[in-house]
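This report refers to the structure that appears directly beneath it.
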Amino acid sequence: MRSACFKIWIVLLFVISGLITRAQETQKLFLSGTGSDHTVNWQFFCTEGNNSGKWTTIPVPSNWELQGFGKYNYGLAKDSLKGKEKGLYKYEFNVPASWRGKAINIVFDGSMTDTEVKLNGKLAGPVHQGAFYRFKYDVGALLSYGKSNLLEVTVSKHSSNTSVNAAERKGDFWVFGGIFRPVFLEASPKSHIGYYAVDAKANGNLKAQLRLAFVKSGTVTGQVYTLAGQKFGTPFSVKINAGDTVANISTHIASPKLWSPEFPNLYNVVFTLNQNGKAVHTVKQRIGFRTVELRKHDGIYVNNVKIKFKGVNRHSFWPTTGRALNKKISIEDVLLMKDMNMNAVRMSHYPPDDHFLDVCDSLGLFVLDELTGWHHAYDDVVGSKLTKELIEKDINHPSIVMWDNGNEGGFNFNLDHLFDELDIQKRPLIHPWGIFRGTNTQHYINYDYGTNTGINGHDIFFPTEFLHGLYDGGGGAGLDDFWKQMWYTPISAGGFIWDFADEAVVRTDKNGELDSDGDHGPDGIIGPYHEKEGSYYAIKEIWSPVYLEPREITSAFNGTLPLENRYSYTNIKQCTFSYKLAMLNGAGSKTKIGTIASPDVAPGQYGNLQLQLPKDWQNFDVLYISAFDVNKQELFTWSFPISSHDQIANRFIAKTGGSKAAITETDSLYNVKTGNGIELAFNRNSGILVSVKNAKGNIPFNNGPILVEGQDQTGFQKLTCHYEGDNLVVEAVFPPKKSEPLMKWTIYPSGWVQLDVKYWPIGEEATLMGVNFSFPEKEIKGITFMGDGPYRVWKNRMKGTALGVWDKTYNNTITGQGKVVYPEFKGYYSNLYWMKLQTTGQPVTIVCNSRDVFMRLFTPSNPKNVYNTAPLFPSGDISFMHGITPIGTKSQKPEKLGPGGQKNQYFNYDRNIEDALTLNLYFDFSGK
């Protein structure tokens, strides 16, 4: 009996102890919702613009434009209302009577822009200026406890401070008004820990600075815990005296698991204020042990490892809610970045939601956190206050490895010292776009930028914006060349692509139209609703930490694939690999799968994947190799062709099986009729296919082959015809060594038609190389093809595709503009084997028996302002190309982005026929 009572007493003591511990923690009472997916309606009055001049309600947090109020402003100082637009908020709430006597703050996590706060008719404090920063007021004396309280907030979209408008409203991004992040009350005991900054180093040394309020003599104790709640290390403490306002506490933790993007190990540290032998107040902070160092003329090191930042710039943005976000969106954003094999993200151009940083901590991304300033900076007074707010809110996130003081000239140098003084971790400070403290972060540099500067200089080369995406340009286009240069240059620390997602907002004043403000917003690797564009997969391959050496799979292949470990902290043996062999015969294709042993390859080292393939592996068409990280997430899947073009072509083509074709001639035409009723007409003065029809009707595939470049210099003399056995040959005659030495049509008894073309480009370089045909775009429904897909390519964005059989439905998507369907239909596709045009009439099948041929499908439409993102396309509609065009960025022509952006080079001074560019195509016009 006594034993049972003792056990009950122990349980009760544990429960009471737990209740006491919880009571001593800081309590939160949300007045708004917690995010865009959980809001609370407040009373609202908008003074100008849409739905103004009347009291109604609005969800909080939100941006009022997205709720149908006020006026949309992209930024760049465009505001016809000239500062008159304001939002008036009211909200009634109760405060627990038990909070009387506590220290209570009202906290705003983000409000654009000038925010005046009143409680029960009295000002809570001075008007806050600056949109993206957490600010708070001590309101304990203004509250009615156990009764209703009235909160009144006036938000002026336009600031009364000139520098705030210059730094925030003149930025190249949307300007949204309103309370767009949560509002809450926080209550602590009168004697409490008000603020705490923690520095947890990779060597296990931990120190913290705590601000104290109204304390008596006693101690502050600390204890590190695992996330599972187990104690890690021993307790540590520091004595305090009555009236102390600061406590410095430290300890050493033996062998902590370190934080990095590859292994985002986290702990909790708990600090407790003890007075008179009692625990008065307890706070908990999630931390990661890691050390950041900037070693001048060398690199940026995290945990003593030199880092190549594979980064992207990210706005806090969602099309339907503006800058009001939620944790689900933050998780999705980080997962997409990590799926692209990125290890870093830059906060452009303001600090993000707390939950985004939490996700970067837990899932693993390096973060550059930024004070707002786009070509203009905050003044000293406002800037000092906002810098302090930025650092105090974000200081303990292990993911943050650098601070940014403004952007592109928006630097107030008088604020630099605050980052040094306020950050207990002493993280490096940069000026994005500037050369500062040993880093060169200049934006949108050319591939060959500078002598003794940039990639060839002495400062750590670290562009915080490069490859400015616009529509389908930039992003992955040019990255392969840039990354090879960055990866193998010791002074390079990588860089940050501009940018993550298209900023297209739903216009509530324009029937829900998606608006990217013309060419200002469509800069993303993904669309506004996170639609994946072609650059997404190119980046995923280029930045894969497992780098497979390009390799031809021949009959002599022994199963060995050389690789490089481009991880910073992960051994390849911690990854997993698999293979798949596939026959590409459409639905029901034969496959075989297997696993691959993971080799022991340390970061930065080289090794081999050794495949144990089945004996019949050569009977398959393609070998796929997939790599997975320590969390079983796919890094990339590479495809290696096994079957040759000739082998694939022979499966399709039947040359016999009918009577030989008949030919007649008129003044200008050769008219051919095959045994199965296909009729072809060739122009005798050019050799061009003029028309095609069969028993079912006309097939509008014609007007080719026409050389993409130099067709007026071909030197065509005449068209001849003859039989080779039962095969009818219609062949062009050229003078020796002209640009088109061979154009030969062969019509087989089966009805298949073969075209052989040999040519040389005009000159030593060419913008485009290939031949064109015509087909009316209005009659195209889609295409099925075997080749690299499903995304189109550019000359300087060849990666990110896979060899397969792809079905694509026609669309006229302009990447990043309006209503989009991805993948885009029009454009260039690499490594064509065969294609079947699906039309409103009869299908057309074309088989390519030549290597390295691009299929061109029509010409993509262009938006109004294209900058460098509208590459030249051939005339005609359907083309078969040996050389295609690269694409530029918003700020750079493609030739400035590296070797892939140059014209197609072809050298053959003697013009030997054996060295000519060759096309071998087969056409099936039977309508099957």
For this session: Identify, from the list Gly410, Gly383, Gly406, the residue that is among the small types (Gly, Ala, Ser), in a loop (DSSP other than H, G, I, E, B) and either out of contact with any Asp or Glu (no Cβ under 6 Å at 6 or more places or on another chain) or surrounded by 23 or more Cβ atoms within 10 Å (Cβ to Cβ) (or both).
Result: Gly410
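Residues checked against (1) touching a Leu at 6+ places or on another chain (Cβ under 6 Å); (2) loosely packed, with under 15 Cβ neighbours inside 10 Å; (3) of a type outside the set (Phe, Trp, Tyr); (4) more than 17 Å from His722 (Cα to Cα):
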| position | (1), (2), (3), (4) |
| --- | --- |
| Ala661 | yes, no, yes, no |
| Glu665 | no, yes, yes, no |
| Leu669 | no, no, yes, no |
| Ile699 | no, no, yes, yes |
For this session: Just give me the residues in region 680-703 being touching a Ser or Thr at 6+ places or on another chain (Cβ under 8 Å) and under 19 Å from Ala654 (Cβ atoms), in sequence order.
Result: Leu680, Asn694
Exercise. In region 231-277, what count of residues is obtained for those that are more than 11 Å from Ala200 (Cβ to Cβ), in contact with a helix residue (DSSP H, G or I) (Cβ under 9 Å, 6 or more places away or on another chain) and not in a strand (DSSP E or B)?
Worked result: 4
Exercise. Does region 182-194 contain any residue that is under 27 Å from Gly521 (Cβ atoms), β-branched (Val, Ile, Thr), out of contact with any Pro (no Cβ under 9 Å at 6 or more places or on another chain) and in a strand (DSSP E or B)?
Worked result: no
Exercise. Looking at region 793-800, is at least one residue in contact with a Cys (Cβ under 8 Å, 6 or more places away or on another chain) and not hydroxyl-bearing (Ser, Thr, Tyr)?
Worked result: no
Problem set entry | Residue in region 603-619 that is surrounded by 13 or more Cβ atoms within 10 Å (Cβ to Cβ) and basic (Lys, Arg) present | no
For this session: Select the strands (runs of 3 or more DSSP E) contained entirely in region 759-862, then report the ones holding at least 3 residues which are free of Cβ contacts under 8 Å to residues at least 40 places away in the same chain and surrounded by fewer than 24 Cβ atoms within 10 Å (Cβ to Cβ).
Result: 802-809
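Rundown of residues vs (1) crowded, with 23+ Cβ neighbours inside 10 Å; (2) in a strand (DSSP E or B); (3) not assigned by TED's automatic domain parsing to the domain that holds Thr320, yes/no style:
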{"site": "Phe44", "(1), (2), (3)": "yes, yes, yes"}
{"site": "Glu48", "(1), (2), (3)": "no, no, yes"}
{"site": "Thr57", "(1), (2), (3)": "no, yes, yes"}
{"site": "Leu76", "(1), (2), (3)": "no, no, yes"}
{"site": "Lys90", "(1), (2), (3)": "no, yes, yes"}
Exercise. Phe6 passes all but one of (1) assigned to a strand (DSSP E or B); (2) modelled with pLDDT under 95; (3) not charged (D, E, K, R); which number fails?
Worked result: (1)
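The values are calculated or read from the model by the stated rules, or taken from the named source; none is laboratory data. Not measured: the values here are computed from a predicted model. Every residue, glycine as well, gets a Cβ built from its backbone with ideal geometry; the counts of neighbours run over all protein chains shown.
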